[in-house]
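Structure record follows, encoded as structure tokens.
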Amino acid sequence: MLQLMKPGFGTILPEDSRAHEGWVEALAGQDYLIERWRCDLSTGIFSIGETTKTRHGLADRLCGLLDIIRNYHPDHHKTVLNILEEATALASSFYFCTTLQDGGAVPVFCIGTSTMGVSPAGGRMQGIFAFAPADN
């Protein structure tokens, strides 16, 4: 597992493409399965990939935040919610790591950016979910 991320931990920085790219490269360099996601802040709707949908136990690839975090380890809900709330307020780079309740101790990483904060015109968050390879 990555040394910079452990389940229950996360961080948020002002929008910083170097940090974001470094976090993604660290996961990609370890053969994590990576899938993109995005969220329209004006609606709160997340668009996720098929693997993310399946691993999170969701019925649809369009969902809300509470749908996504429902299956996360309960001790990590507050961390995830705080990070995503801050990311909606200003342009940010962020990551968090958690585990899925029915996935044992296998980590799920989320790395993202928010391109602008909440405003009448809305905003956007986007990023990746990364899942450990099956043999880890």
Neighbour counts of other C-beta atoms within 10 Å: give me 114, 47, 92, 17 arranged from fewest to most.
17, 47, 92, 114
In vacuo Debye sum over C-alpha of the chain, base-10 log of normalised intensity I(q)/I(0) at q = 0.11 Å⁻¹, listed in q order, is -0.35
Farthest towards the positive end of the dipole of the chain, among 108, 71, 17 and with Cβ unit charges of +1 on Lys and Arg and -1 on Asp and Glu, lies the Cα of 71
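Each reported figure results from applying straightforward, stated rules to the coordinates on display, with no laboratory input. Fair warning: this is a prediction, and the values are worked out from it, not measured in the lab. No Cβ is skipped: glycine too gets one built from the backbone with ideal geometry, and neighbour counts run over all protein chains shown.
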